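The values are calculated or read from the model by the stated rules, or taken from the named source; none is laboratory data. Computed from a predicted model, the values in this text were never measured in an experiment. Methodologically, a virtual Cβ is constructed for each residue, glycine included, from the backbone with ideal geometry; neighbour enumeration extends over all protein chains shown. To get the accessible areas, we keep the full protein, side chains included, count just its heavy atoms, and leave off ligands, DNA and RNA. Shrake-Rupley method; radii C 1.70, N 1.55, O 1.52, S 1.80 Å.
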Amino acid sequence: DEIKEVRKAISGRVGGNIDDSIKRRYYGKGDEATDSILQRTKERMDPPLTPPEDKSITTLFVGGVAHEVTEGDLRAAFGEHGDLEGVRVVPEKKCAFVTFALRAGAEAAAEALHNRLAVKGFALRIAWGKPRAGGAPRGGMGAMMPPPMGVRPPGAMPPPFMPPPAAARCPRRRSG
């Protein structure tokens, strides 16, 4: 009896049936406050991933890459959207760089996988790669660096034999 009176008093103050208000809030249907909160959350969580104006950028940055996620896993996830030129995983930074052969493949992958990519149960973030600092040449995995001193590239011929200059030769020991 007392409960009915309380409900009646609350309904009069709220301006409607309290049971319906509770149900709408619980299920998130027809409740302005819930709709507003969900809309703001969606806008914050799902900003559009706009491609950079530099059309030479074909690399996507992938963040949140756990140690369990392999290069093969990323190739499988991104390879559906275009030919891959290379995939580089950087475990220390928990990220990866996926480079496509064509810009269209990168754009298709970015559109399809943005805020939807999960590999081995890990939600991964996608962003467009940035241009190289100083206008360094862009390639699949960056510019080729020369080999370290003393290391020949595969297939290279050894340098011709040249005797050291006379001043650098060791003096002969005389027996005596």
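What ranking of Arg7, Arg125, Arg44, Arg103 comes out by heavy-atom accessible area, probe 1.4 Å, highest first?
Ranked list, largest accessible area first: Arg44, Arg125, Arg7, Arg103.
At a Cα cut-off below 24 Å, give the lysines reachable from Lys8, other chains included and same-chain residues fewer than 8 away excluded.
List returned: Lys23, Lys29.
Give the cross-link partners of Lys130 among the aspartates and glutamates, using a straight C-alpha distance below 17 Å as the criterion and excluding same-chain residues fewer than 8 apart.
Those aspartates and glutamates meeting the cut-off are Glu53, Asp54, Glu85, Glu107.
For the stretch 60-127, I need the span (max minus min coordinate) of the C-alpha atoms along each principal axis, in Å, sorted largest to smallest.
The Cα atoms of the stretch 60-127 stretch 29, 21, 18 Å along the principal axes, largest first.
So, taking all protein chains as they sit and a 1.4 Å probe, how much accessible area belongs to Phe61, in Å² rounded to tens?
Taking all protein chains as shown, Phe61 has close to 60 Å².
Rounded to the nearest 10 Å², what accessible area does Glu80 have for a 1.4 Å probe in the complete protein model?
140
Can you give the accessible area of Thr70, probe radius 1.4 Å, in Å² rounded to 10?
Roughly 60 Å² of Thr70 is accessible to a 1.4 Å probe.
Give the calculated FRET efficiency between Arg103 and Leu38 to the nearest 0.05, with a Förster radius of 41 Å applied to their Cβ-Cβ distance.
Efficiency computed from Cβ-Cβ geometry: 0.75.
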